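> Shown below is the structure under consideration.
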Amino acid sequence: MKLERRIEGYLEKRKEEGTFRVLRQETGLVDFCSNDYLGVARLGILEEEVSGEGQLSTGSTGSRLISGNFKETEDLETSIAGFHQADAALLYNSGYVANVGFFSCVPRAGDTILYDELIHASVHDGMKMSKANRLAFRHNDAEDLAFKLKLVKKGVCFVAVETIYSMDGDEAPLPEIVAVCKQFKAYLVVDEAHATGIVGPKGAGLVQHYGLEEACFARIHTFGKSMGCHGAVILGTEQLKKYLINFSRSFIFTTALPPEAILRIKKAYEWLNESEDCREKLQNNIRYFLEQIKKTPWKDFLIPSQSAIQSIIIPDNEKVKEIAGNVRKEGFDLRPIVYPTVPRGQERIRICLHNYNTLDQIQNLVGLLNRF
(Lines give C-alpha, C1' and ligand atoms only; values in the text may rest on other atoms or scores of the structure.)
Protein backbone atom coordinates (compact mmCIF):
# COMPACT_ATOMS: atom_id res chain seq x y z
CA MET A 1 0.00 0.00 0.00
CA LYS A 2 3.06 2.27 -0.10
CA LEU A 3 2.16 3.82 -3.48
CA GLU A 4 -1.48 4.34 -2.50
CA ARG A 5 -0.42 6.18 0.68
CA ARG A 6 1.92 8.38 -1.30
CA ILE A 7 -0.78 9.27 -3.84
CA GLU A 8 -3.29 9.99 -1.07
CA GLY A 9 -0.72 12.18 0.67
CA TYR A 10 -0.29 14.35 -2.42
CA LEU A 11 -4.05 14.65 -2.83
CA GLU A 12 -4.54 15.61 0.82
CA LYS A 13 -1.82 18.25 0.54
CA ARG A 14 -3.63 19.78 -2.43
CA LYS A 15 -6.87 19.87 -0.45
CA GLU A 16 -5.17 21.49 2.54
CA GLU A 17 -3.60 24.15 0.29
CA GLY A 18 -6.91 24.82 -1.46
CA THR A 19 -5.43 23.80 -4.81
CA PHE A 20 -7.35 20.54 -5.36
CA ARG A 21 -8.75 20.30 -8.91
CA VAL A 22 -12.08 18.70 -9.80
CA LEU A 23 -13.93 18.19 -13.07
CA ARG A 24 -17.20 20.03 -13.68
CA GLN A 25 -19.96 19.03 -16.06
CA GLU A 26 -21.63 21.35 -18.56
CA THR A 27 -23.97 23.49 -16.49
CA GLY A 28 -26.15 25.39 -18.96
CA LEU A 29 -25.07 28.66 -17.34
CA VAL A 30 -24.29 31.81 -19.32
CA ASP A 31 -20.86 31.09 -20.76
CA PHE A 32 -18.06 33.40 -19.67
CA CYS A 33 -15.39 30.70 -19.28
CA SER A 34 -14.96 28.72 -22.53
CA ASN A 35 -12.49 29.38 -25.37
CA ASP A 36 -15.29 29.13 -27.96
CA TYR A 37 -14.89 32.85 -28.68
CA LEU A 38 -16.86 32.88 -31.94
CA GLY A 39 -19.51 30.37 -30.91
CA VAL A 40 -18.63 27.79 -33.56
CA ALA A 41 -18.90 24.85 -31.16
CA ARG A 42 -21.76 26.09 -28.96
CA LEU A 43 -23.95 27.22 -31.86
CA GLY A 44 -23.26 24.14 -34.01
CA ILE A 45 -22.17 26.27 -36.96
CA LEU A 46 -20.35 23.41 -38.70
CA GLU A 47 -22.85 20.64 -37.98
CA GLU A 48 -25.05 20.99 -41.06
CA GLU A 49 -22.11 21.18 -43.46
CA VAL A 50 -20.37 18.17 -41.92
CA SER A 51 -23.52 16.03 -41.72
CA GLY A 52 -24.22 16.74 -45.38
CA GLU A 53 -21.02 14.96 -46.42
CA GLY A 54 -22.50 11.48 -45.94
CA GLN A 55 -21.07 8.60 -43.95
CA LEU A 56 -17.60 9.34 -42.63
CA SER A 57 -15.22 6.94 -40.94
CA THR A 58 -15.12 7.48 -37.18
CA GLY A 59 -11.55 6.24 -36.90
CA SER A 60 -8.35 6.71 -38.84
CA THR A 61 -7.18 3.12 -38.06
CA GLY A 62 -3.59 4.07 -37.21
CA SER A 63 -0.82 6.63 -37.29
CA ARG A 64 -0.28 8.57 -40.49
CA LEU A 65 2.92 6.66 -41.15
CA ILE A 66 1.02 3.35 -41.15
CA SER A 67 -2.65 3.43 -42.19
CA GLY A 68 -4.01 6.81 -41.07
CA ASN A 69 -2.89 9.03 -43.94
CA PHE A 70 -5.49 10.12 -46.49
CA LYS A 71 -5.58 12.28 -49.59
CA GLU A 72 -8.05 14.54 -47.80
CA THR A 73 -5.55 15.10 -44.99
CA GLU A 74 -2.74 16.06 -47.34
CA ASP A 75 -5.07 18.29 -49.37
CA LEU A 76 -6.13 20.04 -46.16
CA GLU A 77 -2.51 20.65 -45.15
CA THR A 78 -1.86 22.22 -48.55
CA SER A 79 -4.94 24.40 -48.19
CA ILE A 80 -4.03 25.51 -44.64
CA ALA A 81 -0.49 26.36 -45.73
CA GLY A 82 -1.94 28.56 -48.48
CA PHE A 83 -4.36 30.27 -46.10
CA HIS A 84 -1.54 31.13 -43.70
CA GLN A 85 0.97 31.98 -46.45
CA ALA A 86 3.39 29.26 -45.38
CA ASP A 87 5.40 26.79 -47.45
CA ALA A 88 4.05 23.73 -45.67
CA ALA A 89 1.76 22.55 -42.89
CA LEU A 90 1.68 19.42 -40.72
CA LEU A 91 -1.44 18.48 -38.74
CA TYR A 92 -1.26 17.37 -35.11
CA ASN A 93 -3.98 16.07 -32.79
CA SER A 94 -3.96 19.15 -30.54
CA GLY A 95 -1.99 22.29 -29.77
CA TYR A 96 -0.48 20.60 -26.73
CA VAL A 97 0.70 17.68 -28.85
CA ALA A 98 2.09 20.04 -31.49
CA ASN A 99 4.15 22.07 -29.01
CA VAL A 100 5.48 18.96 -27.30
CA GLY A 101 6.27 17.46 -30.70
CA PHE A 102 8.18 20.50 -31.91
CA PHE A 103 10.16 21.48 -28.84
CA SER A 104 11.12 17.93 -27.94
CA CYS A 105 12.87 17.26 -31.24
CA VAL A 106 13.88 20.41 -33.15
CA PRO A 107 16.12 22.08 -30.52
CA ARG A 108 19.07 19.76 -29.90
CA ALA A 109 21.85 19.43 -27.32
CA GLY A 110 23.97 22.58 -27.32
CA ASP A 111 21.09 24.73 -28.57
CA THR A 112 19.24 27.26 -26.40
CA ILE A 113 15.52 27.99 -26.15
CA LEU A 114 14.67 31.48 -24.88
CA TYR A 115 11.02 31.58 -23.90
CA ASP A 116 8.61 34.18 -22.60
CA GLU A 117 8.16 33.60 -18.88
CA LEU A 118 4.39 33.17 -19.40
CA ILE A 119 4.67 30.62 -22.22
CA HIS A 120 2.13 27.78 -22.18
CA ALA A 121 2.67 24.57 -20.18
CA SER A 122 2.81 22.52 -23.39
CA VAL A 123 5.96 24.37 -24.46
CA HIS A 124 7.50 23.74 -21.03
CA ASP A 125 6.74 20.02 -21.33
CA GLY A 126 8.26 19.88 -24.80
CA MET A 127 11.38 21.72 -23.63
CA LYS A 128 11.81 19.30 -20.74
CA MET A 129 12.00 16.46 -23.26
CA SER A 130 14.66 18.31 -25.26
CA LYS A 131 18.35 18.30 -24.44
CA ALA A 132 18.60 22.01 -25.29
CA ASN A 133 19.37 24.69 -22.72
CA ARG A 134 16.39 26.77 -21.52
CA LEU A 135 16.29 30.41 -20.44
CA ALA A 136 13.26 32.60 -19.69
CA PHE A 137 12.96 36.28 -20.55
CA ARG A 138 10.61 38.81 -18.97
CA HIS A 139 7.08 38.74 -20.31
CA ASN A 140 6.68 40.70 -23.56
CA ASP A 141 10.05 42.41 -22.97
CA ALA A 142 12.06 42.59 -26.20
CA GLU A 143 14.93 44.37 -24.43
CA ASP A 144 15.30 41.57 -21.90
CA LEU A 145 15.15 39.05 -24.76
CA ALA A 146 18.05 40.87 -26.45
CA PHE A 147 20.00 40.91 -23.18
CA LYS A 148 19.48 37.16 -22.71
CA LEU A 149 20.42 36.40 -26.33
CA LYS A 150 23.75 38.16 -25.76
CA LEU A 151 24.51 35.58 -23.07
CA VAL A 152 24.28 32.67 -25.53
CA LYS A 153 27.70 31.97 -27.01
CA LYS A 154 27.14 28.80 -29.04
CA GLY A 155 24.56 26.60 -30.71
CA VAL A 156 21.28 27.53 -32.36
CA CYS A 157 18.93 29.92 -30.53
CA PHE A 158 15.16 29.46 -30.58
CA VAL A 159 12.74 32.09 -29.26
CA ALA A 160 9.30 30.88 -28.14
CA VAL A 161 6.35 33.27 -27.73
CA GLU A 162 2.58 33.33 -27.91
CA THR A 163 0.71 36.03 -29.81
CA ILE A 164 -2.21 36.25 -27.34
CA TYR A 165 -1.40 34.90 -23.87
CA SER A 166 -3.90 32.48 -22.42
CA MET A 167 -4.03 33.87 -18.87
CA ASP A 168 -3.41 37.62 -19.22
CA GLY A 169 -4.97 37.94 -22.68
CA ASP A 170 -2.34 40.48 -23.72
CA GLU A 171 -0.69 40.69 -27.12
CA ALA A 172 2.99 40.04 -27.82
CA PRO A 173 5.01 42.97 -29.22
CA LEU A 174 5.70 40.86 -32.27
CA PRO A 175 7.48 43.41 -34.51
CA GLU A 176 9.94 44.21 -31.72
CA ILE A 177 10.56 40.54 -31.00
CA VAL A 178 11.10 39.84 -34.70
CA ALA A 179 13.65 42.67 -34.88
CA VAL A 180 15.61 41.20 -31.96
CA CYS A 181 15.53 37.72 -33.47
CA LYS A 182 16.88 39.06 -36.75
CA GLN A 183 19.65 40.94 -34.95
CA PHE A 184 20.84 37.81 -33.16
CA LYS A 185 19.93 35.32 -35.93
CA ALA A 186 17.52 33.47 -33.61
CA TYR A 187 14.75 31.20 -34.87
CA LEU A 188 11.31 32.48 -33.85
CA VAL A 189 8.53 30.01 -32.93
CA VAL A 190 5.09 31.55 -32.48
CA ASP A 191 2.02 29.96 -30.87
CA GLU A 192 -1.14 31.56 -32.31
CA ALA A 193 -3.62 29.50 -30.27
CA HIS A 194 -5.72 32.36 -28.88
CA ALA A 195 -5.36 34.58 -31.96
CA THR A 196 -6.47 31.99 -34.52
CA GLY A 197 -9.86 32.88 -35.95
CA ILE A 198 -9.96 36.29 -34.25
CA VAL A 199 -6.88 38.35 -35.14
CA GLY A 200 -5.54 39.25 -38.57
CA PRO A 201 -7.00 38.94 -42.07
CA LYS A 202 -9.92 36.48 -41.92
CA GLY A 203 -8.68 35.40 -38.48
CA ALA A 204 -5.34 34.19 -39.84
CA GLY A 205 -3.41 35.35 -36.77
CA LEU A 206 -1.20 38.13 -35.47
CA VAL A 207 1.79 37.11 -37.61
CA GLN A 208 -0.20 37.74 -40.77
CA HIS A 209 -1.70 40.90 -39.30
CA TYR A 210 1.84 42.32 -39.28
CA GLY A 211 2.98 40.55 -42.45
CA LEU A 212 5.77 38.70 -40.59
CA GLU A 213 5.29 35.23 -42.05
CA GLU A 214 8.85 34.98 -43.37
CA ALA A 215 10.30 36.08 -40.02
CA CYS A 216 8.95 32.98 -38.24
CA PHE A 217 10.69 29.63 -38.35
CA ALA A 218 7.50 27.92 -37.16
CA ARG A 219 3.93 28.85 -36.29
CA ILE A 220 1.44 26.77 -34.32
CA HIS A 221 -2.30 27.25 -34.86
CA THR A 222 -4.86 25.32 -32.83
CA PHE A 223 -8.46 24.59 -33.79
CA GLY A 224 -10.08 23.84 -30.42
CA LYS A 225 -10.79 27.47 -29.54
CA SER A 226 -12.29 29.97 -32.01
CA MET A 227 -12.59 27.37 -34.76
CA GLY A 228 -14.77 25.05 -32.71
CA CYS A 229 -13.18 21.74 -33.71
CA HIS A 230 -10.11 19.73 -32.76
CA GLY A 231 -6.50 19.52 -33.84
CA ALA A 232 -3.60 21.82 -34.59
CA VAL A 233 -1.05 22.57 -37.28
CA ILE A 234 2.62 23.49 -37.41
CA LEU A 235 3.52 25.84 -40.27
CA GLY A 236 7.01 26.13 -41.68
CA THR A 237 9.19 25.06 -44.58
CA GLU A 238 8.92 21.77 -46.44
CA GLN A 239 12.22 20.83 -44.84
CA LEU A 240 10.80 21.38 -41.35
CA LYS A 241 7.73 19.32 -42.22
CA LYS A 242 9.87 16.40 -43.39
CA TYR A 243 11.99 16.67 -40.24
CA LEU A 244 8.92 16.58 -37.97
CA ILE A 245 7.53 13.55 -39.81
CA ASN A 246 10.81 11.76 -39.09
CA PHE A 247 11.65 12.95 -35.56
CA SER A 248 8.54 14.31 -33.81
CA ARG A 249 7.46 11.46 -31.55
CA SER A 250 4.05 12.95 -30.76
CA PHE A 251 3.33 12.86 -34.50
CA ILE A 252 4.93 9.50 -35.30
CA PHE A 253 3.52 7.41 -32.46
CA THR A 254 -0.08 8.59 -32.23
CA THR A 255 -3.26 7.59 -34.03
CA ALA A 256 -4.05 10.15 -36.71
CA LEU A 257 -7.06 12.45 -36.69
CA PRO A 258 -10.05 10.62 -38.23
CA PRO A 259 -11.66 11.70 -41.53
CA GLU A 260 -14.56 13.39 -39.73
CA ALA A 261 -12.12 15.58 -37.78
CA ILE A 262 -10.27 16.45 -41.00
CA LEU A 263 -13.55 17.49 -42.61
CA ARG A 264 -14.47 19.65 -39.63
CA ILE A 265 -11.15 21.49 -39.83
CA LYS A 266 -11.68 22.01 -43.57
CA LYS A 267 -15.19 23.41 -43.00
CA ALA A 268 -13.92 25.64 -40.18
CA TYR A 269 -11.36 27.23 -42.48
CA GLU A 270 -14.02 27.75 -45.14
CA TRP A 271 -16.21 29.38 -42.50
CA LEU A 272 -13.41 31.78 -41.52
CA ASN A 273 -13.70 33.38 -44.96
CA GLU A 274 -17.29 34.39 -44.14
CA SER A 275 -17.07 35.18 -40.42
CA GLU A 276 -16.09 38.84 -40.31
CA ASP A 277 -19.39 39.80 -38.70
CA CYS A 278 -18.68 37.33 -35.84
CA ARG A 279 -15.29 38.91 -35.22
CA GLU A 280 -16.81 42.39 -35.25
CA LYS A 281 -19.48 41.34 -32.74
CA LEU A 282 -16.78 39.91 -30.46
CA GLN A 283 -14.78 43.14 -30.64
CA ASN A 284 -17.91 45.14 -29.78
CA ASN A 285 -18.48 42.92 -26.74
CA ILE A 286 -14.87 43.37 -25.63
CA ARG A 287 -15.18 47.15 -25.85
CA TYR A 288 -18.49 47.10 -23.96
CA PHE A 289 -17.08 44.93 -21.17
CA LEU A 290 -14.10 47.26 -20.72
CA GLU A 291 -16.39 50.29 -20.63
CA GLN A 292 -18.53 48.67 -17.94
CA ILE A 293 -15.76 47.25 -15.76
CA LYS A 294 -13.95 50.61 -15.71
CA LYS A 295 -16.96 52.04 -13.86
CA THR A 296 -16.29 49.68 -10.94
CA PRO A 297 -13.51 49.28 -8.34
CA TRP A 298 -12.46 46.11 -10.18
CA LYS A 299 -10.78 48.30 -12.80
CA ASP A 300 -7.74 48.54 -10.52
CA PHE A 301 -7.37 44.74 -10.51
CA LEU A 302 -7.98 44.13 -14.22
CA ILE A 303 -5.09 43.15 -16.48
CA PRO A 304 -5.51 45.46 -19.50
CA SER A 305 -6.35 43.48 -22.63
CA GLN A 306 -7.97 44.10 -26.00
CA SER A 307 -8.55 40.37 -26.48
CA ALA A 308 -11.42 38.07 -25.55
CA ILE A 309 -9.55 37.13 -22.36
CA GLN A 310 -10.03 39.47 -19.40
CA SER A 311 -8.42 38.64 -16.06
CA ILE A 312 -9.18 40.19 -12.69
CA ILE A 313 -6.44 39.51 -10.14
CA ILE A 314 -7.68 38.34 -6.72
CA PRO A 315 -4.55 37.10 -4.93
CA ASP A 316 -6.06 34.46 -2.69
CA ASN A 317 -7.12 30.94 -3.71
CA GLU A 318 -10.10 30.78 -1.37
CA LYS A 319 -11.29 34.32 -2.08
CA VAL A 320 -11.21 33.94 -5.86
CA LYS A 321 -13.03 30.61 -5.63
CA GLU A 322 -15.66 32.17 -3.36
CA ILE A 323 -16.36 35.04 -5.76
CA ALA A 324 -16.52 32.78 -8.81
CA GLY A 325 -18.80 30.40 -6.93
CA ASN A 326 -21.17 33.21 -5.96
CA VAL A 327 -21.38 34.39 -9.57
CA ARG A 328 -22.10 30.86 -10.79
CA LYS A 329 -24.98 30.60 -8.31
CA GLU A 330 -26.51 33.57 -10.13
CA GLY A 331 -26.36 31.75 -13.48
CA PHE A 332 -23.07 32.97 -14.95
CA ASP A 333 -20.30 30.47 -15.58
CA LEU A 334 -17.02 31.92 -14.33
CA ARG A 335 -14.00 29.83 -13.33
CA PRO A 336 -11.31 30.78 -10.83
CA ILE A 337 -7.70 30.28 -11.91
CA VAL A 338 -5.70 29.42 -8.82
CA TYR A 339 -2.20 28.41 -7.80
CA PRO A 340 -0.43 26.29 -9.07
CA THR A 341 -1.91 27.03 -12.53
CA VAL A 342 -0.72 30.61 -11.98
CA PRO A 343 1.97 31.82 -9.54
CA ARG A 344 0.99 32.67 -5.97
CA GLY A 345 -0.34 36.18 -5.83
CA GLN A 346 -1.61 35.96 -9.41
CA GLU A 347 -4.82 34.03 -8.67
CA ARG A 348 -7.63 35.40 -10.78
CA ILE A 349 -11.04 35.25 -12.31
CA ARG A 350 -10.51 34.66 -16.02
CA ILE A 351 -13.42 36.04 -18.04
CA CYS A 352 -13.77 34.82 -21.62
CA LEU A 353 -15.95 36.97 -23.84
CA HIS A 354 -17.78 35.63 -26.90
CA ASN A 355 -19.62 37.02 -29.86
CA TYR A 356 -22.82 35.35 -28.60
CA ASN A 357 -22.79 37.06 -25.19
CA THR A 358 -25.43 39.79 -25.13
CA LEU A 359 -24.84 43.30 -23.82
CA ASP A 360 -27.34 42.61 -21.05
CA GLN A 361 -25.42 39.48 -20.01
CA ILE A 362 -22.16 41.42 -19.90
CA GLN A 363 -23.75 44.23 -17.91
CA ASN A 364 -25.31 41.77 -15.47
CA LEU A 365 -21.99 39.96 -15.04
CA VAL A 366 -20.20 43.19 -14.19
CA GLY A 367 -22.99 44.06 -11.78
CA LEU A 368 -22.64 40.71 -10.01
CA LEU A 369 -18.87 41.11 -9.72
CA ASN A 370 -19.38 44.56 -8.27
CA ARG A 371 -21.80 43.14 -5.71
CA PHE A 372 -19.34 40.48 -4.51
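> So LYS131 passes all but one of these: (1) at pLDDT below 95; (2) of a type in the set (Lys, Arg); (3) in a strand (DSSP E or B). Which condition number does it fail?
Evaluating LYS131 over (1) at pLDDT below 95; (2) of a type in the set (Lys, Arg); (3) in a strand (DSSP E or B) leaves (3) as the failure.
> Being acidic (Asp, Glu), touching a residue at least 24 places away in the same chain (Cβ under 8 Å) and closer than 23 Å to GLU347 by Cα is the filter here; which residues of segment 267-321 pass it?
ASP316, GLU318 - these are the residues of segment 267-321 that are acidic (Asp, Glu), touching a residue at least 24 places away in the same chain (Cβ under 8 Å) and closer than 23 Å to GLU347 by Cα.
> Oh, and also: For the condition at pLDDT 95 or above and in a loop (DSSP other than H, G, I, E, B), what is the one hit in GLY9, GLY101, GLY28, GLY110?
GLY110
> Return a yes/no flag: does segment 90-110 have any residue that is in the same structural domain as LEU212 (by TED's automatic domain parsing), over 19 Å from ARG219 (Cβ atoms) and touching a helix residue (DSSP H, G or I) at 6+ places or on another chain (Cβ under 9 Å).
Within segment 90-110, not a single residue is in the same structural domain as LEU212 (by TED's automatic domain parsing), over 19 Å from ARG219 (Cβ atoms) and touching a helix residue (DSSP H, G or I) at 6+ places or on another chain (Cβ under 9 Å).
> Still on this model: Touching a Gly at 6+ places or on another chain (Cβ under 8 Å), farther than 17 Å from SER226 by Cα, surrounded by fewer than 18 Cβ atoms within 10 Å (Cβ to Cβ) and of a type in the set (Val, Ile, Thr): does that describe THR19?
no
> Right, something else. Go through segment 319-362 and give me each residue that's assigned to a loop (DSSP other than H, G, I, E, B) and within 21 Å of ARG42 (Cβ to Cβ).
The answer is GLU330, GLY331, LEU334, LEU353, HIS354, ASN355, TYR356, ASN357, THR358.
> Taking the condition of being in a helix (DSSP H, G or I) and surrounded by fewer than 13 Cβ atoms within 10 Å (Cβ to Cβ), how many residues in segment 285-298 meet it?
3
> Mind counting the residues in segment 224-263 that are farther than 30 Å from HIS354 by Cα, in contact (Cβ under 8 Å) with a residue 12 or more places away in the chain and not charged (D, E, K, R)?
Here the count works out to 15.
> Here's another thing I want to ask about it. Between residues in segment 66-86 that are surrounded by fewer than 14 Cβ atoms within 10 Å (Cβ to Cβ) and residues that are part of a loop (DSSP other than H, G, I, E, B), which pairs lie under 7 Å by C-beta distance while being six or more apart or on different chains?
SER67/THR61
> From the list LEU353, LEU334, pick out the single residue that is touching a strand residue (DSSP E or B) at 6+ places or on another chain (Cβ under 7 Å) and at pLDDT 95 or above.
LEU353
> Considering only segment 99-107, I want to know if a residue exists there that is in contact with a Phe, Trp or Tyr (Cβ under 9 Å, 6 or more places away or on another chain), free of Cβ contacts under 8 Å to residues at least 60 places away in the same chain and not hydrophobic (A, V, I, L, M, F, W, C).
Scanning segment 99-107, I find at least one residue that is in contact with a Phe, Trp or Tyr (Cβ under 9 Å, 6 or more places away or on another chain), free of Cβ contacts under 8 Å to residues at least 60 places away in the same chain and not hydrophobic (A, V, I, L, M, F, W, C), so the answer is yes.
> Working only within segment 251-268, note down all residues that are among the hydroxyl-bearing types (Ser, Thr, Tyr) and buried (at least 22 other Cβ atoms within 10 Å of the Cβ).
Listed by number, the list is empty, since nothing qualifies.
> Continuing with the same structure: If you take the residues of segment 320-372 that are in contact with a Pro (Cβ under 8 Å, 6 or more places away or on another chain) and of a type in the set (A, V, I, L, M, F, W, C), which of them is nearest to SER307 (Cα to Cα)?
Ranking the candidates gives ILE349 first.
The values are calculated or read from the model by the stated rules, or taken from the named source; none is laboratory data. Note that the structure is predicted; figures quoted are calculated from it, not measured. Because the Cβ atoms are built from the backbone with ideal geometry, glycine has one as well, and the counts that use them run over all protein chains shown.
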